Amino acid sequence: MPKAGWVFRNPDIAATLELIAAKGNEGFYRGEFAKKLVDAVRAQGGRWSLDDLANYQVKEREPIAFDYRAASNAQSWHIVTAPPPSSGGIAIEEILNILAGFDLDKLDRPHRVHLIVEAMRRAYRDRAQYLGDPDYVQMPLAQLSSPLYAAGLRATIHPDKATPSSSLPGYLDPNQGPHTTHFSIIDAEGNMVSATQTVNYVFGSCMVVPGTGFLLNDEMDDFALVAGKANVYGVVGNDANAPKPGRRPLSSMSPSFVIGADRIGVIGTPGGSRIITMVLEGILAFIDGERPEKFVSNPRYHHQYLPDAISAEKGAFTADEIQVLQAMGHKVEVSNRTWGFMNAVSWDRKAGELHAGTDPRQGSGGAVVK
Ligand code: DON
């Protein structure tokens, strides 16, 4: 470990950024720089070609946008979030569509958690079954985002019994086989940015092409390399997310906006497959009136269809709540492990206040600006 005060200098990345500033896309994906990347990867036995880089194009995609609780008497919220090839926005929409039909506020904590977990389970099942790169895979997005579809799924949820994931259609036998960064920004003019960027696993592929200053990612692991076999985050997938030339892997990144009549929230986090449920719990807490300073630190729980268990941070549930959840048939696994690095900001237009929260799990605090 370097000593405190040690300054990390990376002149190579400075030169790379200057190259991009001077020559843009062309200077990076083509020509000498591209050759440098391809040579270094091939020298390590990788399979890149100059064409892979030359053909790469950044794609701008319409975000997913939907209303939560549009049909209920409670306040409705407009949510703008990540489209495919992330599964995040679709999954959050599906979960919130299911939850919109429940009166969560009337329930005790374990029953509220039970319903949220059952919605998570069903959305992650659909993630495993259907989702992949929209340029290559036909996905039933209209169905997955439909309130009617959510109503059908809601009807399959027992009010106090866990549904075993293995009983949901499309179950794949798993025997068939932590760095990402999120920025949440609202500027003085009200412009908002919710941006998550990833190299996938810690230090990506652990390879820096000499003379470039940045890490190559290991995003291949976001593909379902073998159908039904869990990736490093434990999520499974299917043909929809199989690796094929040109395809982009299925992400879970969920940079989101939560837009209400008086309050706006900008939320996101790293955390692999747990990103979706962290952002969901942040959205639910924000909607319930919690501020970023508070909700970024709330103990988290997570269910992702497979493994068929609720994993929870310490403090997420009381012993009594765990008992009630277990009596409903949920497997609850509490561990010392924590996850996420949530950064969130909110704008209370009525009070004229901006609030910021950054995850204490990474050793930082929050702030309020009036
Ligand atoms: O796009 C994804 O879903 C993953 N590559 C995110 C990985 C991640 O968040 C790792 N950081 N903790």
Quiz item: Within the accessible area of the stretch 265-370, what % is carbon and sulfur when the probe is 1.4 Å and the other protein chains stay in place?
Solution: 52 percent
Quiz item: Roughly what would the spin-label model give for VAL58 and ALA319, points 7 Å off Cα along C-beta, in nm?
Solution: 5.4 nm
Exercise. Quick one: grab Rg to one decimal and Dmax as a whole number for the stretch 11-54, Cα atoms only, in Å.
Key: 10.8, 31
Practice problem: Could you sort out which of LYS106/LYS314; LYS3/LYS314; LYS294/LYS350; LYS36/LYS244; LYS3/LYS23; LYS106/LYS294 sit more than 29 Å apart by Cα distance in this structure? | Solution: LYS3/LYS314; LYS3/LYS23
Practice problem: Let me know the volume per residue of the alpha-carbon convex hull for the stretch 1-106, in Å³. | Solution: 253 Å³
Quiz item: Which whole-Hz couplings ³J(HN,Hα) result when phi for each residue of the stretch 240-255 is put into the Karplus expression 6.51 cos²θ - 1.76 cosθ + 1.60, θ = phi - 60°, listed in order with x for Gly and Pro?
Solution: 4, 10, 6, x, 9, x, x, 6, 9, x, 7, 8, 10, 4, 9, x
Practice problem: On a C-alpha basis, how far is the centre of the stretch 186-259 from the centre of the stretch 53-76 in Å? Whole number, if you could? | Solution: 18 Å
Quiz item: Averaged per residue, what accessible area in Å² does the chain show with a 1.4 Å probe, protein chains only?
Solution: 49 Å²
Self-check item: Mean separation of Cα contacts under 8 Å (6+ apart) over length of the stretch 11-54, as relative contact order %
Solution: 29 percent
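What is the mean projected area of the alpha carbon convex hull for the stretch 158-275, to one decimal in square nanometres?
12.2 nm²
Let's see if you can work this out: charge +1 on each Lys and Arg Cβ, -1 on each Asp and Glu Cβ, no other charges. What is the dipole magnitude of the chain about its Cα centre, in debye to the nearest 20? Don't jump to the answer; show the numbers that get you there.
Numbers: 36 positive and 41 negative charges, 86 e Å.
Charge dipole of the chain: 420 debye, to the nearest 20.
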Self-check item: Once the Cα gyration tensor of the chain is diagonalised, semi-axes √(5λ) in Å
Solution: 35, 26, 20
Quiz prompt | Helix-only mean residue ellipticity at 222 nm for the chain, each DSSP H run of n ≥ 4 adding -39500 (n - 2.57), per residue, nearest 500 | solution = -9000 deg cm²/dmol
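The values are calculated or read from the model by the stated rules, or taken from the named source; none is laboratory data. Worth saying up front: this structure is predicted, and the values here are computed from it rather than measured. All Cβ positions, even for glycine, are placed from backbone atoms using ideal geometry, and neighbour counts span all protein chains on display. Calculation scope for accessible area: heavy atoms of the full protein, side chains included, ligands and nucleic acids excluded. Shrake-Rupley method; radii C 1.70, N 1.55, O 1.52, S 1.80 Å.
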